[in-house]
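Engineer: The structure follows.
Values quoted throughout were computed directly from the atomic coordinates according to the rules given, and no laboratory measurement underlies them. For clarity, every value in this text was computed on a predicted model and none was experimentally measured. FYI the Cβ positions are ideal-geometry reconstructions off the backbone, even for glycines, and counts take in every protein chain you see.
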Amino acid sequence: MALVKTKGIVIREQPFQEQDKIITLFTEEEGKIKAIAKGVRRNRSPLVAATQLFAYSEFVYYPGKNFANINQASLIQSFYPLRNDLMKMSLASYVLELLDAFYDYYQGNKAVLRLVNFILFYLSEDKSQSNEALVAALQLKLTEVHGIRPVFDTCALCGSTEHLTHFSIENNGVLCENCHRTEGYSYRLTPEVLSEMVYLLVTPIKAIRQRAFDPAVVRRIMDMMNHYISYQLAKNLKTYDFYRDLNL
Ligand SMILES: [Zn+2]
């Protein structure tokens, strides 16, 4: 079978047998794939640096029935400082889990890979005024890319454009003052939270990193969007709980 050569990020890793490792990659050419890195846990394996979690590397592999088989890998960017800061590491782990949750095997998106690369770089190198804003932007942009973006401009139930005061997970978007009373649980939405959600959705990440945000507003958006995404994908995102535990 022909070798595949592609760049990608290691989004999951687990030890396998004595000396091997199974990794999940989010690649440019084939999207999400599962691969085996043989002998990588042996001393001085040339694959070690390029196959660790968070690494952005160029991979050469043989496609396989269950796993691709990594033949060569060269590290492009390790995002090493993420490992020295628990808060950043928890956010970056959540970024990887979002990718894993949104994509099935052999599905991917080059623009999303590029976006995640920027986010990991900004987190790793302290290049953003708000680390949380980068992650909230990714949550929102991923829902847009996958056609499950919440409705923001009108009440999801009656279509009213006024008094949009709540956000309902089950109704996929904002609700007006009247409709929220007839529905089950919904989040209270201030005008500031709503306008920042729309800003984070539509603004390029390079501009987002240069702006200051109210931390409480961004935290609120992250909580709601994590709940929304978990509900839409029917998946529990464990790394978000870990991040929240650090912030209690
Ligand atoms: Zn309504």
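Engineer: Ranked highest first by the average count of other Cβ atoms within 10 Å around their residues, in what order do 215-223, 55-63 fall?
Structural biologist: Working: 215-223: 18.2, 55-63: 20.0.
Taking the mean over residues of other Cβ atoms within 10 Å, the ranking is 55-63, 215-223.
Engineer: Next question. I need 174, 48, 10 ordered by Cβ neighbour count within 10 Å, fewest first.
Structural biologist: Least crowded to most crowded, the residues run 48, 10, 174.
Engineer: Among the GluC sites (Glu not before Pro) within the stretch 177-208, which fall in a DSSP loop and have no more than 14 other Cβ atoms within 10 Å of their own Cβ?
Structural biologist: Working: sites: 177, 183, 192, 196; in loops: 183.
Sparse-neighbourhood loop GluC sites (Glu not before Pro): 183.
Engineer: Note the angle between two axes, namely the Cα long axis of helix 131-145 and the longest principal axis of the Cα atoms of the chain, as a number of degrees from 0 to 90, rounded to the nearest 10.
Structural biologist: 90
Engineer: Please report, in debye to the nearest 20, how large the charge dipole of the chain is about its Cα centre when each Lys and Arg carries +1 at its beta carbon and each Asp and Glu carries -1 there.
Structural biologist: Numbers: 28 positive and 26 negative charges, 196 e Å.
The dipole magnitude comes to about 940 debye.
Engineer: Ordered by residue, what ³J(HN,Hα) values in Hz, to whole numbers, does the stretch 228-237 give under the Karplus form 6.51 cos²θ - 1.76 cosθ + 1.60, where θ = phi - 60° and Gly and Pro are x?
Structural biologist: 4, 5, 4, 5, 5, 8, 6, 9, 8, 9
Engineer: Counting only C-alpha contacts under 8 Å and six or more residues apart, can you give the relative contact order of the chain as a whole percent? Please list the in-between numbers first.
Structural biologist: Working: 438 pairs, mean separation 40.1, N = 248.
After rounding, I find 16 percent.
Engineer: Can you give the convex hull volume per residue for the Cα atoms of the stretch 4-78, as a whole number of Å³?
Structural biologist: Values: hull volume 5.3 nm³, N = 75.
Expressed per residue, the convex hull around the Cα atoms of the stretch 4-78 is 71 Å³.
Engineer: For a quick check: sort 33, 148, 169 by the number of other beta carbons within 10 angstrom, fewest at the front.
Structural biologist: Numbers: 33 24, 148 15, 169 19.
Result, fewest neighbours first: 148, 169, 33.
Engineer: Tell me, how many Å apart are the Cα centres for the stretch 146-225 and for the stretch 105-145?
Structural biologist: So the separation of the two Cα centres works out to 19 Å.
Engineer: Now for a separate question. Check which residues have an amide H placed less than 5 Å from residue 55's amide H, if you skip close sequence neighbours.
Structural biologist: Placed amide hydrogens put 10 under 5 Å from residue 55.
Engineer: Short version: ³J(HN,Hα) in whole Hz for each residue of the stretch 78-87, in order, from phi by Karplus 6.51 cos²θ - 1.76 cosθ + 1.60 (θ = phi - 60°), x for Gly and Pro, what are they?
Structural biologist: With the stated coefficients, the stretch 78-87 comes to 8, 6, 4, x, 4, 6, 9, 9, 4, 5 Hz.
Engineer: If you keep only loop residues by DSSP, which GluC sites (Glu not before Pro) in the stretch 84-159 have at most 16 other Cβ atoms within 10 Å of their Cβ?
Structural biologist: Numbers: sites: 97, 125, 132, 144; in loops: 125.
When the GluC sites (Glu not before Pro) of the stretch 84-159 are filtered for loop state and at most 16 Cβ neighbours within 10 Å, 125 remain.
Engineer: Return the long-range amide H neighbours of residue 151 (sequence gap of 5 or more, or a different chain), with a cut-off of under 5 Å between placed amide H atoms.
Structural biologist: 173, 174
Engineer: Test of the criteria: in the stretch 42-92, which trypsin sites (Lys or Arg not before Pro) are in a DSSP loop and have at most 15 other Cβ atoms within 10 angstrom of their Cβ?
Structural biologist: Loop-located and lightly packed - 42, 44, 65.
Engineer: Give me the percent of Cα-Cα pairs in the stretch 83-246 that sit more than 20 Å apart, rounded to a whole number.
Structural biologist: Working: 6705 of 13366 pairs.
For the stretch 83-246, the share of Cα pairs beyond 20 Å comes to 50 percent.
Engineer: Right, next: List the residues whose amide H sits under 5 Å from the amide H of residue 7, counting only those 5 or more places along or on another chain, with H placed 1.01 Å from N in the peptide plane.
Structural biologist: Result for residue 7 returns 28, 29, 59.
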